[in-house]
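Below is one structure, written out as structure tokens, with a few remarks after it.
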Amino acid sequence: MSARSAVAGIVGAYEHPERRIPEGTVADIIADVSLGALADAGLGIEDVDGFFFAGVHQGLSLVAMADHLGLDRLTHVDSTDVGGASVVSQIGHAAEAIAAGSCRVALVAMGGRPLQAAARPPGGAEAGARYQQDVDLSQIAGYALVAQRHMYEHGTTREQLAQVKVAASLHAQHNPRARLPYAVTLEEVLDSPLISDPLRRLDCCVTTDGGGAVVVAARDVVEQSGRRAAWVRGWSESLRTMSGGRLDLMRNGADRTGPAAFARAGIGPDDVDYASLYDSFTITVLLALENLGFCEPGASGPLVESGELLAARSRLPVNTDGGGLCNNHPDRRGGMARTLEAVRQIRGDAHPEVQVADCDHAVVHGTGHSLATNASAATLVLGREAS
Amino acid sequence: MTDERITPAQLDAALEAELEAGRIPLMRCEACGAAFWHPRAHCPGCGARRVAFFAPSGPARVYAATVNRRPRGGDRDAAPVQVGYVEFPEGVRMLVTLGFPDGAPRIGAEVAPEAGGPGEPRLVFRPVAGD
């Protein structure tokens, strides 16, 4: 596959400023972030002809949401739901829809209020779950299995896992909106309560209310807007399922999506200036680094320990907003929040303390559902220039 | 052409019988020979409908394990639960409840299923002597 010039760019972006939203509804949040992203693009509701939204998991259909927003001119809709990676997939779909001439201004939005729910959302309704002998595998226990296997195969240490949280927190201290806007020490991570061996409370992302939206637009719309865009240079998606019991817990799907997205963009891992890596747990970042090809399999632990994730010291800063580990993980889905920081980096809008100089290429990688069972993977390559 | 597919009710009944007998609920495709887990009425490898439970050819070893100290939706008062994947010689990995008496499941250890006690799943994989 030869690289081609991008036909679509992210020209509007907006992150809900709150992390706890006691008033209103999820639909209100979606409206707030959608209008925010459109305003950032210099566009209006009447310009939107593509709508990308997954809300059925919280009882909010794409159709009802389109009606609530007032989207009356749609020619393309997409409610792809692959868990936390959904919007990363959807942005790729939006670029394809624009390339196919199916729409010109695509709105991609998400949000939720998990802190306001009386009970946890229902889970375990997957096709095979009823045949899995009632094993009590919580989300964190599943990722703990992946972490244990990584430590066993590669000698990864507990301290190396903790350094992922420390790096996120050193970024988050520059983000006053972050849920945890302060530096965390290695000792604080290692002393936090053990939840499921080896993962401790501070290995987990935050849970937040909130949301975000982006506007993906055709090249002529971007050029007319006069706004800086993050061009969608490459993208790819896949699933890494249990495969009848032949799953490899060291693979997260990025071993497929990374090479495909890089090929479309015509670049390689060494050309990437910034990466937003899904960080539901500390171990999630280690697998993304390896599977995307930023290091060899098993080498992510030492890489992280060397400070490779840090904006101040590294050639590949990761999650400079504080990531899901410290900043924001609205609706228990990190794909949008990770995308928004990559867009800031490309546009030069990140906090000065963490802004990457001359950020030409950024990668976003989303990991959905569970790396321990069925996982989704979606990778975007964003560029400051269209080609 | 005869319809050889297993109905959902037949699969449920067969799985129930396997668990009741304390057997490992692994399945194999009678068309392509692939072993698989979780149980289902078709082969995830080739799509054939001729599938059946079978006994693995050798012992299970722990592939990954954790002790979940917040089981049952995060209940702080619940006893810790050992969960993990075990691997069979056929290359298939199965998500199971583990039962290491010392509370510390070990990757690589050989384990065998036993009937679970009160409050436990019906199959609990415990370490065999010497491992």
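The values are calculated or read from the model by the stated rules, or taken from the named source; none is laboratory data. Computed from a predicted model, the values in this text were never measured in an experiment. So basically every Cβ, Gly included, is an ideal-geometry build from the backbone, and we count neighbours across all protein chains shown.
Name the residues in segment B:1-37 that are within 22 Å of residue A:135 (Cα to Cα), in a loop (DSSP other than H, G, I, E, B) and in contact with a Lys or Arg (Cβ under 9 Å, 6 or more places away or on another chain), would you?
Matches in segment B:1-37: B:22, B:37.
Count, please, the residues in segment A:151-175 that happen to be over 22 Å from the mean Cα position of the chain (by Cα) and within 14 Å of chain B (Cβ to nearest Cβ).
7
Can you name every residue in segment B:38-66 that is surrounded by 14 or more Cβ atoms within 10 Å (Cβ to Cβ), in a loop (DSSP other than H, G, I, E, B) and not aliphatic (A, V, I, L, M)?
Within segment B:38-66, B:38, B:39, B:40, B:42, B:43, B:44, B:45, B:49, B:50, B:54, B:56, B:59 qualify.
Kindly indicate whether any position in segment A:262-269 is of a type in the set (Lys, Arg), farther than 30 Å from residue B:45 by Cβ and surrounded by fewer than 24 Cβ atoms within 10 Å (Cβ to Cβ).
yes
Let me confirm something: among A:220, A:191, A:248, which residue is within 14 Å of chain B (Cβ to nearest Cβ), surrounded by fewer than 19 Cβ atoms within 10 Å (Cβ to Cβ), of a type in the set (Asp, Glu) and out of contact with any strand residue (DSSP E or B) (no Cβ under 7 Å at 6 or more places or on another chain)?
Selected residue: A:248, the only one of A:220, A:191, A:248 that is within 14 Å of chain B (Cβ to nearest Cβ), surrounded by fewer than 19 Cβ atoms within 10 Å (Cβ to Cβ), of a type in the set (Asp, Glu) and out of contact with any strand residue (DSSP E or B) (no Cβ under 7 Å at 6 or more places or on another chain).
Being out of contact with any Phe, Trp or Tyr (no Cβ under 6 Å at 6 or more places or on another chain), without any contact (Cβ under 8 Å) to a residue 40 or more places away in the chain and away from every other protein chain (no Cβ under 12 Å): is that true of residue B:41 here?
Criteria not met by residue B:41.
Is it the case that segment B:102-114 has a residue that's facing another protein chain (nearest Cβ under 7 Å), under 21 Å from residue A:136 (Cβ atoms), over 11 Å from the mean Cα position of the chain (by Cα) and modelled with pLDDT of 95 or more?
The answer is yes; a qualifying residue exists.
Need the failing condition index for residue B:94 against (1) within 21 Å of residue A:142 (Cα to Cα); (2) in a loop (DSSP other than H, G, I, E, B); (3) at pLDDT 95 or above; (4) not polar (S, T, N, Q), just the number.
Answer for residue B:94: the failing condition is (2).
Do you know which residues across segment B:20-33 are touching a Pro at 6+ places or on another chain (Cβ under 9 Å), closer than 19 Å to residue B:95 by Cβ and buried (at least 18 other Cβ atoms within 10 Å of the Cβ)?
Within segment B:20-33, B:24, B:25, B:26, B:27 meet the criteria.
Restricting attention to segment B:67-75, does a residue exist that is assigned to a helix (DSSP H, G or I) and more than 7 Å from chain A (Cβ to nearest Cβ)?
yes
Considering only segment A:173-190, state which residues are part of a helix (DSSP H, G or I) and out of contact with any Lys or Arg (no Cβ under 8 Å at 6 or more places or on another chain).
Of everything in segment A:173-190, those that are part of a helix (DSSP H, G or I) and out of contact with any Lys or Arg (no Cβ under 8 Å at 6 or more places or on another chain) turn out to be A:186, A:187, A:188.
Scan B:36, B:53 and give me the residue that is more than 10 Å from every other protein chain (Cβ to nearest Cβ), at pLDDT 95 or above and in contact with a helix residue (DSSP H, G or I) (Cβ under 7 Å, 6 or more places away or on another chain).
Sole residue among the options that is more than 10 Å from every other protein chain (Cβ to nearest Cβ), at pLDDT 95 or above and in contact with a helix residue (DSSP H, G or I) (Cβ under 7 Å, 6 or more places away or on another chain): B:53.
Among what's in segment B:80-101 and is more than 10 Å from chain A (Cβ to nearest Cβ) and more than 17 Å from residue A:144 (Cβ to Cβ), pick the residue that is surrounded by the most Cβ atoms within 10 Å (Cβ to Cβ).
B:99
Which numbered condition in (1) within 21 Å of residue A:372 (Cα to Cα); (2) more than 13 Å from the chain's Cα centre (by Cα); (3) free of Cβ contacts under 8 Å to residues at least 24 places away in the same chain is the only one that residue B:85 fails?
Of everything listed in (1) within 21 Å of residue A:372 (Cα to Cα); (2) more than 13 Å from the chain's Cα centre (by Cα); (3) free of Cβ contacts under 8 Å to residues at least 24 places away in the same chain, residue B:85 misses just condition (2).
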